[in-house]
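Presented below is the structure to which this report refers.
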Amino acid sequence: MAVELVKNIDWVGYVDWSVRDFHSFDTFRGATYNSYLIRDDKTAVIDSVKGQYALRQLQQIAEKTELSQVDYVVCNHAEPDHAGGLVSLMAHLPNAVLICNAKCRETLSAYFDIGNWNIQVISPDDKISLGSRTLTFVNTPMVHWPESMFTYIPEEQLLFSMDAFGQHLATSERFDDQYDLKTILTEAKSYYANIVTPYSKQVLRTLETAAKIPINMIAPSHGLIWRSNVSQIVAAYQDWAGGRYTPKVLILFDSMWDSTTQMAEAILDGAVQESNNAVQKSDNTVQKSDNVDVQLMHVRRTTLTRIATEMLDAAAVALGSSTLNLQMMPQMSSVITYVRGLKFTSKAAFSFGSYGWAHAGSDHLDRWIEETGWTRLTPPIDAKFRPTSETLKKCRDGGRLLVQAALEKTKSM
């Protein structure tokens, strides 16, 4: 059912309650594909939906206006979850002109037969009058595809932000003030961590551009529309794009016969003890600091999506793996591959792990830490078969180092 944002501007998207995997993104709360209908002297549709739901979108449009009355379809982003429905839209909207930038046209031509589409390629300086409202455009390359752009209506101070500021969250509500804000921000953080992080430099440039225009409402392509908490989500993006740490320690591990598990738990013990004992000085007084958030994650029992979300703002990380066939454990290798692509900012870290006749798992992780440019807190902590009391003490000491590094990193920001 269409939902009104402001007078004669409606949400006409699709709520995907059942999707649980979005090209390896864990969407356990579902997703939405947002599209918007603007009715003025001229009528425009902002973005489409996933291809299989295009007829649902057309039904919602038809409830508000004759399909023949649609003058424009704006494509902000050519990824199929937003452009897949264009084939049906352009077939059923006989008088519609598709509005996109040059790179978007090129990308659409790779996905679809666009030979019969009436396409108008626009530049950032172009404006399209709908009557009492105007469509303006902001190119946002690599946020998160090369052809990405925003559409903005200055008369409403309304920004159609494509994937930026979005969340994978299926709900019957459409606005941020109708749902639990903590959950929305958690899902927005997860979306940023798993999809947008590699493009943080471009995000910062885009935020600088967005700061020059007044924004009263942000309508993203996924999730809830921001109408009451615009400043909060923009501030969160500033933190995430700027690589801002929180006092958080992650201990990620995989184990065969629980030896590496024992080491991970010893690191956890040391970190928790150090967090509880940590003090900070202020105005010549000594007071107990806020506890550092210390999390233990068995990587075979934790999704890549969750790991990346927590790693986004973590200041310090321990990576542990048993040795299997002179390699790290397979799922830890998957974690490293996934995290490498996300290009998180430098963190304090060290590796650990058990081995039998030849140690390699912790060595592979240690080399990865060095290659990634993270700060190496200590050489790898190894245990042959079973960790000794001396090895477990090293692990507890390593946990203390993680907390100290986390506090130091967050204090300097």
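Every number here is computed from the coordinates shown, using simple stated rules; none is lab data. Keep in mind that this is a model prediction, so the values were computed, not measured. When we count neighbours, we look across all protein chains shown, and the Cβ atoms used for this are built from the backbone with ideal geometry, even at glycine.
Worth pointing out:
- Local electrostatic count at residue 78 - Lys and Arg +1, Asp and Glu -1, tallied over other residues with Cβ under 10 Å: -1
- Residues residue 345 and residue 228, FRET efficiency given R0 of 41 Å [Cβ-Cβ distance, rounded to 0.05]: 0.85
- Computed per residue of the chain from DSSP H runs no shorter than four, each worth -39500 (n - 2.57), the mean residue ellipticity at 222 nm is -10500 deg cm²/dmol.
- At the listed q of 0.06, 0.08, 0.13, 0.14 Å⁻¹, the Debye profile of the chain, built from one uniform point per Cα, gives log10 I(q)/I(0) equal to -0.30, -0.51, -1.02, -1.12.
- Computed from Cα atoms, the angle from the helix 259-277 axis to the main principal axis of the chain rounds to 80 degrees.
- Degrees between helix 230-241 axis and first principal axis of the chain (Cα, 0 to 90, nearest 10): 50
- Taking label positions 7 Å along the Cα-Cβ direction at both residue 235 and residue 337, the computed distance is 4.0 nm, reported to one decimal.
- For the chain, relative contact order (Cα pairs under 8 Å, six or more residues apart, normalised by length) works out to 12 percent.
- Counting only Cβ charges, +1 for Lys and Arg and -1 for Asp and Glu, the dipole size of the chain around its Cα centre is about 880 debye.
- If you take all other residues with their beta carbon under 13 Å from the beta carbon of residue 220, and give Lys and Arg +1 and Asp and Glu -1, the sum is -3.
- Checking every one of the chymotrypsin sites (Phe, Trp or Tyr not before Pro) in region 28-57 against DSSP loop status and a limit of 14 other Cβ atoms within 10 Å picks out 28.
- For residue 73, the residues whose modelled amide H falls within less than 5 Å of its own, excluding neighbours fewer than 5 places apart on the same chain, are 45, 97, 98, 99.
- Phi angles of region 99-105 translate, via the Karplus equation with coefficients 6.51, -1.76, 1.60 and θ = phi - 60°, into HN-Hα couplings of 9, 7, 8, 5, 5, 5, 4 Hz per residue; Gly and Pro are given as x.
- Label-zone membership for region 144-163, site residue 136, 7 angstrom Cα→C-beta point, backbone N under 19 Å: 149-162
- Exposure proxy ranking for 127, 189, based on other Cβ atoms within 10 angstrom of each Cβ and starting from the fewest, stands as 127, 189.
- Rounded tilt (10° steps) of 389-411 against the dominant C-alpha axis of the chain: 40
- The order of 138, 121, 74, going from fewest to most other C-beta atoms within 10 Å of their C-beta, is 121, 138, 74.
- Exposure proxy order (Cβ contacts within 10 Å, fewest to most) of 175, 137, 350: 175, 137, 350
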